[in-house]
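K.L.:
Quick one: the structure is below, questions incoming.
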Amino acid sequence: MVIVMKHCNKCDNTKEYSAFNKDASIRDGYKTVCRSCQSVTRKAFYLNNKESENKQSKSNYWSNPEAYRRRSAKTRALNPERARAACRAWRDKKSPLYVANKRRGHAKRRAAKRYATVSWSVTAMIATVYRDAVEMELLTGIKFHVDHIIPLQGKLVSGLHVENNLQILMAHENELKSNHYEIK
């Protein structure tokens, strides 16, 4: 039985791999700091920051989230340039790894859609479905998505990007459905 050891960068000790949390982004698959050092660091951070934490804001939001959302929407409508600037700042603050993963996901979806589109599909009818979804959204004010009845990247079965595999769903229904298809 071979026991492999790993060096903790925080406490400068060598410990077994079982003392480290897993992390797929690191070459050997484990974090560079052991669990006990992570625990001490997290506890210290919590104790140093629990007073400065804006508890008032959190409690107000969760006591009445709808009122908070309405107030936020009103503020964004009154100050659209400030809202756009805040969105840009938030987007720019994201880590490069987050952005890369997001782009990879979008690229994977585009590729799946491209490969699932067959030569005999009627692209005009597909475009009509997407156009209808936009019109429904404009008329009702409710967000709609065009959904593939049989998902393009399903676990058990994968569908095609053709007109008879498309349906228009309310956004929240589509998000609940996710990438799921029940075989009957």
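The values are calculated or read from the model by the stated rules, or taken from the named source; none is laboratory data. Values in this document were obtained by computation on a predicted structure and should not be read as measured data. When we count neighbours, we look across all protein chains shown, and the Cβ atoms used for this are built from the backbone with ideal geometry, even at glycine.
K.L.:
Taking the condition basic (Lys, Arg), surrounded by fewer than 11 Cβ atoms within 10 Å (Cβ to Cβ), part of a helix (DSSP H, G or I) and modelled with pLDDT under 85, does residue 91 pass?
P.N.:
yes
K.L.:
Where the second residue is surrounded by 12 or more Cβ atoms within 10 Å (Cβ to Cβ) and of a type in the set (Gly, Ala, Ser) and the first is over 13 Å from residue 162 (Cβ atoms) and lies in the range 124-146, which pairs have Cβ atoms under 6 Å and are six or more apart or on separate chains?
P.N.:
Correct list of pairs: 143/171; 144/133; 145/171.
K.L.:
Can you tell me which residue is surrounded by the most Cβ atoms within 10 Å (Cβ to Cβ) among those in the range 130-183 that are among the aromatic types (Phe, Trp, Tyr) and at pLDDT 90 or above?
P.N.:
Here the answer is 144.
K.L.:
Could you figure out which of (1) part of a helix (DSSP H, G or I); (2) closer than 30 Å to residue 25 by Cα; (3) in contact with a helix residue (DSSP H, G or I) (Cβ under 7 Å, 6 or more places away or on another chain) isn't true of residue 152?
P.N.:
(1)
K.L.:
Hey, another quick one. Kindly evaluate residue 111 against the criterion of being surrounded by 11 or more Cβ atoms within 10 Å (Cβ to Cβ) and part of a helix (DSSP H, G or I).
P.N.:
In short, yes.
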